[in-house]
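Read the structure below first, then the notes.
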Amino acid sequence: MRIDSIETILVDKYLFVEIRTDNGLVGLGEGGAWGFHEATAGAVLRFKDYLLGQDPLRIEHHWQYMYRWAHFRGSAVMAAISAIDIALWDITGKHFDAPVHALLGGKVRDKARAYYHVFGETKEELFSGIEDAKKMGFTAVGHLTPFLDSRREVPYFQTHAEKIGDAVDTVRQYREIAGRGMDLCIEIHRRMTPYEAVQLGRAIEPFHPLFIEDPITPDNLDEMAYVADKISIPIATGERMTSLWEFQMLLARNAVQLVRPDVCIVGGISGARKIAALAEASHAGVVPHNPLSAVSTAACLQIAATAPNFVLQEFPNDTWDVTDKRPDSDSFLIGAARHDGEGFLTISDEPGIGISLRPDAAEKFPYRARKMHTRLHKDGSVVDQ
Ligand SMILES: [Mg+2]
């Protein structure tokens, strides 16, 4: 069996890679550098030179070849390797007529606990998002900011006392609405400095969040370790990291209790499963990052199925952001994972990763590149949100 063709397909806001073999198998993968799909597609084109004519079953060898042939890596290159890796695993599963998880040692669980995304420009929207999740049967909510998901056009300003005080009040209200039957995954989106993160983290400890995610910008691992050392809420981080080696440095500093590898960024299923094993050795849990399509979810579920230290799966609902709707998964994909109504996702036993792209997907949902806009402070400087 040989690789016959490799194609990048932009659909709506997603970048997919389809690999076809000379005996008619098709593998599907997705790249996760969502701000730079064009660069990812360029990297896939570069790797195509090497991959055409190769045996698709030698996944690890191809991974090493792509990763090590040039000096330059980073998110777009790793998104390309990830999409190719996922597609090769999909082909391998189809070749052996087995789900990928069966080839990774078999399922250690039958379904994956998931968290529902909550967004809101107002507190009321955020509160009703928690209520919605509860009604649907979820037992965890995430993307849940103690601030607001304000529109980026709105200049930011809060005093320190407002920032910390309002956030603590909001988390208290989240807990009152959620009760103990719902875990709160508090998402900071890098909106605090280390000293702010410690103040807020300590103040919301009584409300028992499952984790606090990216309390500070993750660029400085020592500062993340500083925050982790000073609060008792587990820190979740890692969605921007692109390699096993970065996760090792994070874990070595005790800067994280729940790693958040993005299977479409860290080198696909091959990269994510190694990160899960690395975390397992530190008694850290895995919460796969997944802001993308149902293809990403299908790849994440291979990790959920096989990693003993899997904790929770991010599961995007049908909103892209607070103002924009994404097409329903079923309208361009076949085989999307389902919520079982009790807070879990079903894990497919179909060969490969169990999902495929409808042939008319790109035609029906043309590519919409994300607009480049970020939030500014009232004084005109750039803020993180
Ligand atoms: Mg996040």
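So here's what we get for this one:
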| item | result |
| --- | --- |
| Gaussian network model of the chain, Cα within-10 Å springs - most flexible of ARG273, ARG191, ARG368 | ARG368 |
| Qualifying GluC sites (Glu not before Pro) in the range 246-353, DSSP loop, other Cβ atoms within 10 Å at most 15 | GLU342 |
| Residue-wise HN-Hα coupling along the range 138-145, computed from phi with Karplus coefficients 6.51, -1.76, 1.60 (Hz; x: Gly, Pro) | 5, 10, 8, 10, x, 6, 9, 8 |
| Fewest-first sequence of ARG46, ARG113 by Cβ atoms within 10 Å of each Cβ | ARG46, ARG113 |
| The range 63-106 - Kirkwood radius from inverse mean 1/r over Cα pairs (Å) | 11.6 Å |
| Hull volume in cubic angstrom per residue (convex hull over the Cα atoms of the chain) | 130 Å³ |
| Rough spin-label spacing in nm, given labels placed 7 Å along Cα→Cβ, for GLU363 and THR346 | 2.9 nm |
| Positive minus negative residues near GLU131 (Lys, Arg vs Asp, Glu; Cβ under 11 Å) | -1 |
| For the chain: relative contact order, % (alpha-carbon pairs under 8 angstrom, 6 or more apart) | 21 percent |
| HIS289 long-range amide H proximity, modeled H, under 5 Å | ASP262, VAL263 |
| Those GluC sites (Glu not before Pro) in the range 31-130 that DSSP places in a loop and that have at most 15 other beta carbons within 10 Å | GLU121 |
| Per-residue HN-Hα couplings for the range 67-76 [Karplus 6.51, -1.76, 1.60; θ = phi - 60°; Hz; x = Gly/Pro] | 5, 9, 6, 10, 7, 9, 10, x, 5, 5 |
| Tensor-based shape of the range 1-90 (alpha-carbon gyration tensor, a/c under 1.5 rounded, otherwise prolate or oblate) | oblate |
| Virtual paramagnetic centre 7 Å along Cα→Cβ of TRP69, amide N under 17 Å, in the range 24-61 | 40-61 |
| 3J(HN,Hα) from dihedral phi, the range 196-209, Karplus parametrisation 6.51/-1.76/1.60, rounded to Hz, x for glycine, proline | 5, 4, 5, 4, 5, x, 5, 5, 9, 3, x, 9, 6, x |
| For the range 1-43: rounded, prolate or oblate by the Cα gyration tensor [a/c cutoff 1.5] | prolate |
| Gain on full stretching of the segment that runs from SER5 to GLU60 - 0.36 nm per residue minus C-alpha separation | 17.9 nm |
| Loop-resident sites, the range 71-176, for chymotrypsin sites (Phe, Trp or Tyr not before Pro), counting at most 14 other Cβ within 10 Å (DSSP) | PHE72, PHE96, PHE157 |
| Placed amide H near THR145: partners under 5 Å, 5+ positions off or other chain | GLU187 |
| Charge tally in the Cβ shell below 9 Å around ILE265, where Lys, Arg are +1 and Asp, Glu are -1, ILE265 excluded | -1 |
| Proximal lysines to LYS371, defined as alpha-carbon separation beneath 27 angstrom and excluding residues fewer than eight positions away on the same chain | LYS13, LYS123, LYS325 |
| Distance in nm between pseudo-label sites at ALA98 and TYR50 (7 Å out along the Cβ direction from Cα) | 2.7 nm |
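Quick note: the coordinates plus some simple rules give every number you see, no bench work behind them. Here the structure is a predicted model, which means the values were calculated and not measured. Don't worry about glycine lacking a Cβ; one is built from the backbone with ideal geometry, like all the others, and counts go over all protein chains shown.
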